[in-house]
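Enquirer: Please find one structure pasted underneath; my questions will follow.
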Amino acid sequence: MTLPVQFAQRMRALLDVEADAFLAALEQPPRAGLRVNTLKLAPDHLLDLLPASLTPLPWCPTGFLVQGDEPLGKHPYHAAGLYYLQEPSAMAVAEALAPRPGDLVLDLAAAPGGKSTHLASLMGDEGLLVANEVETSRTRALAENLERWGVRQAVITNDDPRRLAERWGPVFDRVLVDAPCSGEGMFRKSPAALAQWSEKLVEGCSLRQRRLLDTAAELVRPGGWLAYSTCTFAPEENEAVIAAFLARHAGFELRPLTLTGAALGRPDWLPDELARPDLSHTARLWPHRVTGEGHFVALLQRAEGPKTMTPRAKVKDAPRPVRAAWRAFVQATLGMDPVKDAVLTTRGAHVYALPTKALDMERVKTVRAGLWLGTLERGRFEPSHSLALALRSTDEEGLEGWEARRLDFAPDDDRLRRYLQGHPLEEPGEAGWVLMTVSGYPIGWGRRAQGIIKNFYPKGLRWH
Ligand code: SAM
């Protein structure tokens, strides 16, 4: 790899005796990681199911290093949301923020959703996850990834962080700022990051990151936690951002991180006036020390203080015919209501189940108000792909006990491959909606009439 000369010089000056090992590591191929969706199954169970060689990662109990080059992004279990393919070091961030079930959590720069899916799993899908992405073009990938993950207690927003701070104020238990950065830690994976690097970019990112972190702080409740992360090595974008933040925010302090395998932050790389010793509480993942790319994480806690009121949504329940159509669908197809405690709402013909822990979403640019259940088509309910993926065997009664009409496939069944390609299937049986599953895990819908199952696997996701 041809590194920018200035970058190599900077890293040599910073890393000194470690520089050779670091620069040699950048010549090695990047490592792939996989994180298990514990909303759907336990890691041990996935290891039994998936024919891949996976070794555990020290800093994330649900994360694994993938050995070999099986195309795991093109496996039915991936389509069923059983795992997420994520760069190994990136898995340290949600572990550091450690959200708890029931928390109100904000992921301020969420697309494409790697860390949001991780946060949702750590929360056990209880509480509320707000996944925000300011770039509209990136919200589709975010929505698809959270959909595949089967998250119910989440909303997806597409707003400017400043507007969110003005709208909601300091109400979140946990806030994550996975900041846009110069991407030095991704040089092995991303030729684009390598091509666009310059010292000027590092400076520009640093300014933007300071502003973003200031805004994020306005959203953290007293006693709440704020995590800041980047995938870059430059101290200007890491320790210096935190030092400047702490100098302006006396009410926040760094919490020491205990991420197995991670190195300490480096206050000694900052000018004397910024070099506070507690910056060593931040963490760095180095490609020459761990099996992953470069990452930086800091965890800040806001001082305790009087609680602020969380602005609640004033939502109108869906009209009676909509609720009746949903109930009829539940009765005919599922046998139990997977969102029985949720308020249903409509947006045009689309029906959503709102998260049980609601926030006021008025005047917030919302992409998904909750779990999209489906659409009313001429008075009849048509289930969404999101609903299929959000059905879990861990539900109260368990999928096993459901009277859902379903058709289960082994992952290597040719009929499943044809289904994922968008073909109809010839399968005799009762007419109506059919939940398609792989090894018992929902993967999409079909609708049977006269022995033919019409394919409802979303066109944009079909295998070619
Ligand atoms: N957290 C994501 C994940 O794990 O998949 C990756 C986030 S990426 C490192 C940073 C994100 O910040 C990008 O999606 C980018 O669009 C967004 N972004 C860029 N400028 C921003 C700004 N000024 N405020 C907030 N987000 C911004």
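The values are calculated or read from the model by the stated rules, or taken from the named source; none is laboratory data. Source: prediction; values computed, not measured. Quick reminder, even Gly has a Cβ in these numbers, built from the backbone with ideal geometry, and neighbours come from all protein chains shown. The area values use the complete protein model at the heavy-atom level, side chains included, leaving out ligands, DNA and RNA. Shrake-Rupley method; radii C 1.70, N 1.55, O 1.52, S 1.80 Å.
Enquirer: May I ask you to list pairs of residues, at least six apart or on different chains, whose Cβ atoms are under 8 Å apart, with the first in the range 89-113 being under 11 Å from V175 (Cβ atoms) and open to solvent by 10 Å² or more (accessible area, probe 1.4 Å) and the second being within 12 Å of the ligand (Cβ to nearest atom) and assigned to a loop (DSSP other than H, G, I, E, B)?
Expert: A109/E133; A109/V134; A109/A179; A109/P180
Enquirer: State whether the residues of the range 188-208 include one that is within 14 Å of K365 (Cβ to Cβ) and away from the ligand (no atom under 13 Å from the Cβ).
Expert: Going through the range 188-208, the residues within 14 Å of K365 (Cβ to Cβ) turn out to be none.
No, the conditions are met nowhere in the range 188-208.
Enquirer: If you go through the range 180-213, how many residues are part of a helix (DSSP H, G or I) and of a type in the set (G, A, S)? Don't jump to the end; show me each part of the working.
Expert: At the first step, the residues of the range 180-213 found to be part of a helix (DSSP H, G or I) are 184-186, 191-196, 199-213.
Imposing the further condition that a residue be of a type in the set (G, A, S) reduces the set to 185, 192-193, 195, 204, 206.
Looking only at that region, the number is 6.
Enquirer: Taking strands (runs of 3 or more DSSP E) that fall entirely within the range 353-464, which contain at least 3 residues that are farther than 29 Å from T136 by Cβ? Lay out the reasoning, then the answer.
Expert: Details: elements: 366-368, 371-377, 380-383, 406-409, 432-438, 441-449, 452-455.
In the range 353-464, the matching strands (runs of 3 or more DSSP E) lie at 406-409, 432-438, 441-449, 452-455.
Enquirer: Consider P222 carefully, then state whether it is in contact with a His (Cβ under 6 Å, 6 or more places away or on another chain), surrounded by fewer than 24 Cβ atoms within 10 Å (Cβ to Cβ) and not charged (D, E, K, R).
Expert: Values: in contact with a His (Cβ under 6 Å, 6 or more places away or on another chain): no; surrounded by fewer than 24 Cβ atoms within 10 Å (Cβ to Cβ): yes; not charged (D, E, K, R): yes.
No; evaluated as a whole, the condition is false for this residue.
Enquirer: While we're looking at this one, here's another question. Would you confirm, using the coordinates I've provided, whether A325 is assigned to a helix (DSSP H, G or I), surrounded by 15 or more Cβ atoms within 10 Å (Cβ to Cβ), over 24 Å from the mean Cα position of the chain (by Cα) and among the small types (G, A, S)?
Expert: Yes.
Enquirer: Right, next: Could you tell me which residue of the range 331-352 is modelled with the lowest pLDDT, considering only residues that are buried (at least 18 other Cβ atoms within 10 Å of the Cβ) and more than 17 Å from V155 (Cβ to Cβ)?
Expert: L334
Enquirer: Select the helices (runs of 4 or more DSSP H) contained entirely in the range 1-63, then report the ones holding at least 3 residues which are at pLDDT 95 or above and under 24 Å from K189 (Cβ atoms).
Expert: 5-15, 19-25
Enquirer: Could you grab me the full set of residues in the range 48-64 that are over 13 Å from A32 (Cβ atoms) and in contact with a Phe, Trp or Tyr (Cβ under 8 Å, 6 or more places away or on another chain)? Reasoning before the result, please.
Expert: Within the range 48-64, the subset over 13 Å from A32 (Cβ atoms) is 48-51, 56, 58-62.
The answer is L49, L50, P56.
Enquirer: For T260, are the conditions met, namely being under 22 Å from L119 (Cα atoms), in a helix (DSSP H, G or I), under 24 Å from the mean Cα position of the chain (by Cα) and of a type in the set (V, I, T)?
Expert: Details: under 22 Å from L119 (Cα atoms): yes; in a helix (DSSP H, G or I): no; under 24 Å from the mean Cα position of the chain (by Cα): yes; of a type in the set (V, I, T): yes.
When the stated conditions are applied, T260 does not pass them.
Enquirer: Tell me which of these V151 doesn't satisfy, since it passes every other one: (1) within 13 Å of the ligand (Cβ to nearest atom); (2) within 11 Å of the chain's Cα centre (by Cα).
Expert: Only one criterion in (1) within 13 Å of the ligand (Cβ to nearest atom); (2) within 11 Å of the chain's Cα centre (by Cα) is unmet by V151, namely (1).
Enquirer: I'd like the full set of residues that are open to solvent by 30 Å² or more (accessible area, probe 1.4 Å), in a loop (DSSP other than H, G, I, E, B) and out of contact with any Leu (no Cβ under 9 Å at 6 or more places or on another chain), limited to the range 138-179.
Expert: Within the range 138-179, just D160 meets the criteria.
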